[in-house]
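Comments concern the structure below.
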Amino acid sequence: MCHVILNQIEPRNELGSFFLPLLWGGSHLTNQTNPIRFFILTCFTFNNNDYIGFLFIPGQVAELTEGYKKRGLPYLFLLPAIVLIAGFMIYPVGTVFYYSLHNFFLNRAWANGFIGLGNFRQILHDPLFYSSLAVTAKWVFWEVSLQLMIGLAIALLLNRSFKGRGLVRALVFSPWAISGVLTALMWSMMYNQHMGVINDLLTKLGWIKTNVAWLGGVHTAFWAVVVAELWRGIPFFAITLLAALQTIPGELYESCAVDGGGKWVAFLKITLPYLKETIILSSLLRVVWEFNNVNTIYAMTGGGPANLTTTLSMYIANEAIRTNNFGYGSALMVVGFFILLIFAAVYLKASRFGKED
Amino acid sequence: MNIGHRFYRCLSLHLPLTAILTFVLFPFYWTLNTSLKYERDIMKVPLKYLPDPVTFQNFTETWNTVGFGRYFRNSLIVATVTVAFIVTFSLLAGYALTRFRFRGKQLMIFLLLCTQFIPGVMLLIPLFIIFKKLGLISNLASLVIAYTTFQLPFNAILMRGFIKNIPNDIEEAALIDGCNRIQAILYVVLPILLPGIVATAAFAFIGCWNEFIFALMFISRSDLFTIPVALHSMQGEYDVNYGYLAAGSIIAMIPPFLMFAYVQKYLVQGLSAGSVKG
């Protein structure tokens, strides 16, 4: 029952017609004729850090059945959602722009006040801002590309038939239910210099002679966090891509084999083109997600050593939580928000999303 | 031929599968292993790959002495109340956006989708200030409000999709037979939606249970910590007790795993069923 419903959620066009014009005002997407129709299966968006998982699954487009005319009832039904979203999302986002123009320390009220673009000028001369941008780019690039590639490999494997496939799938996807903090804790214990199992295993293999302080080392900290986050992030791509793989008609592969095409030909000519849109969209969502993701980094290194794991979001979180420098933090948020928005627009445009080849 | 085929299958399928499963499951195994060891065994070199002797002391002490019982309760309260709100509100919103025609409908849908682009970190400071004004800092209500708001838009869109797939005729029949609108929703729409609702609720629950950065920002009283914040503060202590930390981690992952175990069959099998149909 449920899977039937789950599979018939939202046509991709809907997403296209709402999101994309927002990004660059184009309307060329609404009249596309792409036969693959995508559905969002599930997203639970804790945009914030944890869960944003959009799955795009082809399926049937549900007929829109419009109902009855009633005056007040729909508004009454929507009231809680409107109040919450307006009061605790839209209004706060507005205030971020307002605070970004202010000197605003929580504990130093005497110094607070309007300073115009002062915070933004300070950002331009802030070395930590530039280094955090570089770390962010590195973080997002490695996380998304590795998650995508490994996730794709896993999806291809799990799409084959073998005994115990259901169980293996469930196990492989399980880190997806684990929080960033928990991931950080488990991996921190394994990375530990003195009692960590990773040092122990590598010593046994003879790869290292002395124990390494993985999270404290200048050369290792970043990669140690990347691996931990990969562990938690790969299932997202594996689930999404597996779902998309299952929609490729088997006859295509048969006819490809009849025509003498090998496995690689089939992969390049059938699998990849079919997965293209899923890959583009899920990668974008993942970029946004990893850009904003602070949980794992916050709990593993706190941005250290020497700010080598301080991404922009991590910098903002530190300004907000540790130093309570709300004005400067807000200004950083504004900058980060626009960076993401521009990236999303350019990315979708460059990848020719939604267009026929 | 047969042997060669088997060898190839082993090399291309079972070997990578084993590697993946090892990578995925090793952290779980190691955390469980650590949580079942005595403190002295955890630090002892060479490391023990199986707890010997086994003890459940870490679990009982984490639960009672460290106060994980309380943190667990806090997390459970927040997650349960939030999920109840999310399901109710998103059901109402989803219903209105499907079955009614009214002014501002498209705007509302657009708005819901737009909210998905707002990064959570961006709300950290302004929400803190709002909750401070409302006197809700160090109050679990602040988390309930923040989580509900954050998850509501997506769940409303999801519910709208679910409801769209229920033929209007069924409801119309109920209305003709003398039900009013609310009765039609309660007795006709809800039962059909139930599996979908349970799945969404499970997703929302995992999201609430795992949330960290808002909880860290808004809750400063240690007796109100949720589990992720409690784990983080334990890790930050000068003298970290790894046995407690591991036991706490195991306790923390039980509820989301139970939810995941329930949802994953829809996630995994449901997709293939859909592909056959679609």
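Only one of these is in contact with a Gly (Cβ under 7 Å, 6 or more places away or on another chain) and either touching a residue at least 40 places away in the same chain (Cβ under 8 Å) or not in a helix (DSSP H, G or I) (or both): B:Met234, B:Met259. Name it. Show your work before the answer.
Numbers: B:Met259 fails: in contact with a Gly (Cβ under 7 Å, 6 or more places away or on another chain).
Being in contact with a Gly (Cβ under 7 Å, 6 or more places away or on another chain) and either touching a residue at least 40 places away in the same chain (Cβ under 8 Å) or not in a helix (DSSP H, G or I) (or both) holds for just one of B:Met234, B:Met259, which is B:Met234.
Take the conditions in contact with a Gly (Cβ under 8 Å, 6 or more places away or on another chain), farther than 30 Å from B:Ile254 by Cα and of a type in the set (D, E, K, R) and apply them to B:Arg9. Does it pass?
On the way: in contact with a Gly (Cβ under 8 Å, 6 or more places away or on another chain): no; farther than 30 Å from B:Ile254 by Cα: yes; of a type in the set (D, E, K, R): yes.
Spelling it out, it is not the case that B:Arg9 is in contact with a Gly (Cβ under 8 Å, 6 or more places away or on another chain), farther than 30 Å from B:Ile254 by Cα and of a type in the set (D, E, K, R).
State all residues of segment A:219-277 that are part of a helix (DSSP H, G or I) and touching a Ser or Thr at 6+ places or on another chain (Cβ under 6 Å); if no residue qualifies, say none.
Those that are part of a helix (DSSP H, G or I) and touching a Ser or Thr at 6+ places or on another chain (Cβ under 6 Å): A:Ala221, A:Phe222, A:Val225, A:Ala228, A:Glu229, A:Arg232, A:Thr240, A:Ala244.
Go through segment B:188-225 and give me each residue that's within 11 Å of another protein chain (Cβ to nearest Cβ) and not hydrophobic (A, V, I, L, M, F, W, C).
Within segment B:188-225, B:Pro191, B:Pro195, B:Gly196, B:Thr200, B:Gly207, B:Asn210, B:Glu211, B:Ser220 meet the criteria.
Looking at (1) surrounded by 16 or more Cβ atoms within 10 Å (Cβ to Cβ); (2) touching a residue at least 60 places away in the same chain (Cβ under 8 Å); (3) more than 10 Å from chain B (Cβ to nearest Cβ), can you tell me which one A:Gln122 breaks?
(1)
In segment B:35-57, what count of residues is obtained for those that are assigned to a helix (DSSP H, G or I) and touching a Phe, Trp or Tyr at 6+ places or on another chain (Cβ under 6 Å)?
1
What are the residues in segment A:161-186 that are at the interface with chain B (Cβ under 7 Å from one of its Cβ atoms) and among the aliphatic types (A, V, I, L, M), if any?
Those that are at the interface with chain B (Cβ under 7 Å from one of its Cβ atoms) and among the aliphatic types (A, V, I, L, M): A:Val168, A:Ala170, A:Leu171, A:Val172, A:Ala177, A:Ile178, A:Val181, A:Leu182, A:Leu185, A:Met186.
Can you tell me which residue is farthest from A:Ile321 (Cα to Cα) among those in segment B:198-230 that are surrounded by fewer than 24 Cβ atoms within 10 Å (Cβ to Cβ) and among the β-branched types (Val, Ile, Thr)?
B:Val198
Please list, ordered by first then second residue, the pairs with beta carbon atoms under 9 Å, 6 or more apart or interchain, first in segment B:160-184 and closer than 15 Å to B:Phe100 by Cα and surrounded by 13 or more Cβ atoms within 10 Å (Cβ to Cβ), second among the aromatic types (Phe, Trp, Tyr) and at pLDDT 85 or above.
B:Arg160/B:Tyr95; B:Ile163/B:Tyr95
I'd like to check something: does segment B:191-203 contain any residue that is among the aromatic types (Phe, Trp, Tyr) and touching a Phe, Trp or Tyr at 6+ places or on another chain (Cβ under 6 Å)?
yes
Pull out all pairs, ordered by first then second residue, where Cβ-Cβ is under 7 Å, the residues are six or more apart or on different chains, the first lies in segment A:308-329 and is under 18 Å from B:Phe212 (Cα atoms) and among the acidic types (Asp, Glu), and the second is at pLDDT 90 or above and not in a loop (DSSP other than H, G, I, E, B).
Once the first residue is under 18 Å from B:Phe212 (Cα atoms) and among the acidic types (Asp, Glu) and sits in segment A:308-329, its partners that are at pLDDT 90 or above and not in a loop (DSSP other than H, G, I, E, B) give A:Glu319/A:Tyr328; A:Glu319/A:Gly329; A:Glu319/A:Leu332.
Looking only at residues that are modelled with pLDDT under 90 and exposed (fewer than 14 other Cβ atoms within 10 Å of the Cβ) in segment B:14-42, which one is nearest to the other protein chains (Cβ to nearest Cβ)?
If we take residues in segment B:14-42 being modelled with pLDDT under 90 and exposed (fewer than 14 other Cβ atoms within 10 Å of the Cβ), then B:His14 is nearest to the other protein chains (Cβ to nearest Cβ).
Report whether or not A:Gly262 is buried (at least 22 other Cβ atoms within 10 Å of the Cβ) and more than 18 Å from A:Leu230 (Cβ to Cβ).
no
Out of curiosity, is A:Leu148 over 26 Å from B:Ile125 (Cα atoms), in a helix (DSSP H, G or I) and out of contact with any Ser or Thr (no Cβ under 7 Å at 6 or more places or on another chain)?
Judged against the criteria, A:Leu148 is not a match.
How about segment B:123-138: which of its residues are surrounded by 14 or more Cβ atoms within 10 Å (Cβ to Cβ), of a type in the set (A, V, I, L, M), more than 7 Å from chain A (Cβ to nearest Cβ) and farther than 14 Å from A:Ile321 by Cβ?
Once the filter is applied, which keeps residues that are surrounded by 14 or more Cβ atoms within 10 Å (Cβ to Cβ), of a type in the set (A, V, I, L, M), more than 7 Å from chain A (Cβ to nearest Cβ) and farther than 14 Å from A:Ile321 by Cβ, segment B:123-138 yields only B:Leu136.
Out of all the residues in segment B:139-154, which are more than 7 Å from chain A (Cβ to nearest Cβ), more than 23 Å from A:Leu340 (Cβ to Cβ) and assigned to a helix (DSSP H, G or I)? Talk me through it step by step, then tell me what you get.
The initial filter retains those residues of segment B:139-154 that are more than 7 Å from chain A (Cβ to nearest Cβ), namely B:139-144, B:147.
If we keep only those that are more than 23 Å from A:Leu340 (Cβ to Cβ) too, we end up with B:139-144.
Correct list: B:Leu140, B:Ala141, B:Ser142, B:Leu143, B:Val144.
Which count do you get for residues in segment B:112-143 that are out of contact with any Pro (no Cβ under 6 Å at 6 or more places or on another chain), among the hydrophobic types (A, V, I, L, M, F, W, C) and touching a residue at least 12 places away in the same chain (Cβ under 8 Å)?
9
The values are calculated or read from the model by the stated rules, or taken from the named source; none is laboratory data. Computed from a predicted structure; not experimentally measured. Cβ sites come from the backbone with ideal geometry, for glycine too, and all protein chains shown count toward neighbours.
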